[in-house]
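So the structure is just underneath, and the comments pick up after that.
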Amino acid sequence: MKHISAIHIFIVGLLLVNTIGFTDETNQMNEGKEIMKDNKISLGAEIKLMAPVWVIGSYDKAGKANMMTAAWVGICCSKPPCVSIALRKATYTYTNIIERKAFTVNIPSKNFVKEADYFGLVSGRDVNKLSATGLTPIKGEKVDAPYLKEFPVAVECKLINTVEVGLHTIFIGEIMDVKADKSMVGENNSLLPCGLLFNPTTRDYYGIGEQLGKAFTAGREILNKKK
Ligand SMILES: Cc1cc2nc3c(=O)[nH]c(=O)nc-3n(C[C@H](O)[C@H](O)[C@H](O)COP(=O)(O)O)c2cc1C
């Protein structure tokens with residue numbers, strides 16, 4: 001048996017101290033995911049955020065109304081009031097909007113989860129989604145696109161710009177009118193909360209949560225805090 005010298009013990013000790021120090025200084029692992037020093041877990045460069053569920057209405061060349069579900073969407077300007085929707089070129093809606101320069105944004109209530117999902121499962125190129133769901137397309141009043149009678153809120157948009165990003169093309173639509181069921185209109189013509197949220201990782205739909213505070217007001221507590 002080889003003789004263990006003091007120098008061997010010293011080297012092993014040094015390695016141990018270094019290893020402990022190293023784990024302490026940098027990230028730890030949890031089920032293969034890195035835990036950062038501030039206790040956050042890095043999930044990588046992926047779409048993980050909850051997104052609103054919008055149903056986009058358009059007409060094809062022949063005038064057939066179509067609806068498609070989109071979640072890569074948002075408000076993008078207040079003056080002029082604009083929204084953005086990100087569509088893959090493969091969608092029928094993409095072709096329709098290029099052709100008609102208009103689209104509608106329809107907000108589903110929680111009673112229309114099935115229909116909203118269906119609009120994202122099949123293409124208007126192959127089927128008539130309106131006949132399949134029995135929902136009613138109404139000709140837009142301000143733009144060349146149909147909106148849904150049964151959904152509580154519809155926004156008529158005129159295409160004003162497109163931006164190529166990668167897989168998706170962003171269509172920017174100027175809002176020409178917002179139409180809402182009377183029951184959805186609150187104080188100062190505000191819209192009452194409605195709509196669905198989509199979790200892209202679990203593929204679950206959620207309703208809108210409770211009111212938690214007043215915007216541009218809740219933060220004043222900190223703003224006004226005496227130093
Ligand atoms: C919840 C959900 C969100 C979706 N979001 C988008 C989106 O933002 N952009 C997109 O191009 N496709 C999206 N899709 C897929 C389209 O809705 C799907 O390809 C649809 O068949 C396209 O319809 P169309 O060919 O009639 O236009 C989504 C589907 C679902 C179910």
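Observations on the model:
- Where residue 57 falls short, out of the listed (1) under 20 Å from residue 115 (Cβ atoms); (2) within 9 Å of the ligand (Cβ to nearest atom): (2)
- Odd one out for residue 128 among (1) in contact with a strand residue (DSSP E or B) (Cβ under 6 Å, 6 or more places away or on another chain); (2) in contact (Cβ under 8 Å) with a residue 24 or more places away in the chain: (1)
- Verdict on residue 129 being away from the ligand (no atom under 11 Å from the Cβ) and either at pLDDT below 95 or among the charged types (D, E, K, R) (or both): no
- Test for residue 107: is it surrounded by 16 or more Cβ atoms within 10 Å (Cβ to Cβ) and near the ligand (Cβ under 9 Å from one of its atoms): no
- Of everything in segment 132-152 that is of a type in the set (Lys, Arg) and in contact (Cβ under 8 Å) with a residue 12 or more places away in the chain, the residue that is farthest from the ligand (Cβ to nearest atom) is 142.
- Number of the exception - residue 116 against (1) under 22 Å from the mean Cα position of the chain (by Cα); (2) without any contact (Cβ under 8 Å) to a residue 12 or more places away in the chain: (2)
- Which numbered condition residue 200 fails, given (1) closer than 26 Å to residue 50 by Cα; (2) surrounded by 14 or more Cβ atoms within 10 Å (Cβ to Cβ); (3) more than 23 Å from the chain's Cα centre (by Cα): (3)
- Whichever residue in segment 60-81 is surrounded by 16 or more Cβ atoms within 10 Å (Cβ to Cβ) and under 16 Å from the mean Cα position of the chain (by Cα) and, among such residues, is nearest to residue 116 (Cα to Cα): 69
- Residue in segment 141-150 that is crowded, with 17+ Cβ neighbours inside 10 Å, assigned to a loop (DSSP other than H, G, I, E, B), of a type in the set (Gly, Ala, Ser) and in contact with a Pro (Cβ under 8 Å, 6 or more places away or on another chain) present: no
- Which numbered condition residue 115 misses (of (1) among the acidic types (Asp, Glu); (2) more than 12 Å from the ligand (Cβ to nearest atom); (3) assigned to a helix (DSSP H, G or I)): (2)
The values are calculated or read from the model by the stated rules, or taken from the named source; none is laboratory data. In this text, all values refer to a predicted model and were calculated from it rather than measured experimentally. For neighbour counting, all protein chains shown are included, and Cβ atoms are generated from backbone atoms with ideal geometry for every residue, glycine included.
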